[in-house]
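A.B. asks: Take this structure first; my questions come after.
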Amino acid sequence: MVATNYALDFGLLLLRVVLGLTMAAHGYNKFFGGGRIAGTAAWFESIGMKPGVLHARLAATTEIAAGLGLAAGLLTPVPAAGFVALMLVAAWTVHRRNGFFIVKEGWEYNLVLATGAVAIAATGAGRFSLDYLLFKDTCDLSYLLYGWCGLAIGLGLGLLGGIGQLAIFYRPPAK
């Protein structure tokens, strides 16, 4: 039975690292890739997220922080919420009009990243995580890091963040 638990923990580690580093790479690219923050800001303005510079910096920073936080398994429901908020905004502003499938630039990829992060928040980050290292012997906080609490924090906080950002800042461009 112990081998199964370690296999599960390794599977969670693998999933966290792949999802987390993928998200962090997107943030890194916004800061240091092609158009950098200025190019990202212009693109955000063009899709209706204004002011563009603010959203470019916030998106890049959140992608890096949420990505590295999930990869490390640190306060896991919080980075999961970041994934949900980011992917909700991306799906709504960029991908929804293209349908579901990513091959047509749809919102499929956004759904997979957000759902993967929320699933990890619900199951917990596993034994190979900072959550386990820091909070395994602490009843006070550990119950918030997985199960229904982890799911509620990851999904609920993420939806509130994404919907709030859209409601406050998104202004669809005139066609």
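A.B. asks: Counting residues that are in contact (Cβ under 8 Å) with a residue 12 or more places away in the chain and over 18 Å from residue 161 (Cβ atoms), which helices (runs of 4 or more DSSP H) fully inside the stretch 1-102 reach at least 1? Quick ask: steps written out before the conclusion?
C.D. replies: Working: elements: 2-32, 36-47, 52-72, 77-90.
It comes to 2-32, 36-47, 52-72.
A.B. asks: Please go through the stretch 120-151 and pick out each residue that is at negative phi and assigned to a loop (DSSP other than H, G, I, E, B). It would help to see each step written out before you state the result.
C.D. replies: First, pick out the residues of the stretch 120-151 that are at negative phi: 120-123, 125, 127-146, 148-151.
Passing the criteria: 125, 127, 128, 129, 136, 137, 138, 146.
A.B. asks: Now for a separate question. Being open to solvent by less than 60 Å² (accessible area, probe 1.4 Å) and out of contact with any helix residue (DSSP H, G or I) (no Cβ under 6 Å at 6 or more places or on another chain) is the filter here, so list the residues in the stretch 43-58 that pass it. If you could, list the steps in order and put the result at the bottom.
C.D. replies: As a first pass, look at the stretch 43-58 and keep what is open to solvent by less than 60 Å² (accessible area, probe 1.4 Å): 44, 47-49, 52, 55-56.
Correct list: 48 only.
A.B. asks: Within the stretch 128-145, can you find the residues that are touching a helix residue (DSSP H, G or I) at 6+ places or on another chain (Cβ under 8 Å) and modelled with pLDDT of 90 or more? Let's see the steps before the verdict.
C.D. replies: Step one: of the stretch 128-145, the residues touching a helix residue (DSSP H, G or I) at 6+ places or on another chain (Cβ under 8 Å) are 128-131, 135-136, 141-145.
Listed by number, the residues that qualify are 128, 129, 130, 131.
A.B. asks: Identify the single condition in (1) modelled with pLDDT under 95; (2) in contact with a helix residue (DSSP H, G or I) (Cβ under 6 Å, 6 or more places away or on another chain); (3) over 29 Å from residue 44 (Cα atoms) that residue 73 does not satisfy, given that it satisfies every other one.
C.D. replies: Only one criterion is unmet by residue 73, namely (1).
A.B. asks: Looking at the stretch 103-117 only, could you name the residues that are surrounded by 23 or more Cβ atoms within 10 Å (Cβ to Cβ) and free of Cβ contacts under 8 Å to residues at least 60 places away in the same chain?
C.D. replies: The one that is surrounded by 23 or more Cβ atoms within 10 Å (Cβ to Cβ) and free of Cβ contacts under 8 Å to residues at least 60 places away in the same chain: 114.
A.B. asks: Just one of 151, 157 is more than 14 Å from residue 90 (Cα to Cα), open to solvent by 90 Å² or more (accessible area, probe 1.4 Å) and within 16 Å of the chain's Cα centre (by Cα); which is it?
C.D. replies: On the way: 151 fails: open to solvent by 90 Å² or more (accessible area, probe 1.4 Å).
Within the list 151, 157, the selection yields 157.
A.B. asks: Might you let me know whether the stretch 166-175 holds any residue that is farther than 19 Å from residue 9 by Cα and crowded, with 22+ Cβ neighbours inside 10 Å? Steps first, please.
C.D. replies: From the stretch 166-175, those farther than 19 Å from residue 9 by Cα are 166-175; that's our starting set.
From the residues that got through so far, the ones that are crowded, with 22+ Cβ neighbours inside 10 Å too are none.
No, the stretch 166-175 contains no residue that is farther than 19 Å from residue 9 by Cα and crowded, with 22+ Cβ neighbours inside 10 Å.
The values are calculated or read from the model by the stated rules, or taken from the named source; none is laboratory data. What you are looking at is a predicted structure, and each value in this text was computed from that prediction instead of being measured. When we count neighbours, we look across all protein chains shown, and the Cβ atoms used for this are built from the backbone with ideal geometry, even at glycine. Surface accessibility is based on the protein's heavy atoms, side chains included, excluding ligands, DNA and RNA. Shrake-Rupley method; radii C 1.70, N 1.55, O 1.52, S 1.80 Å.
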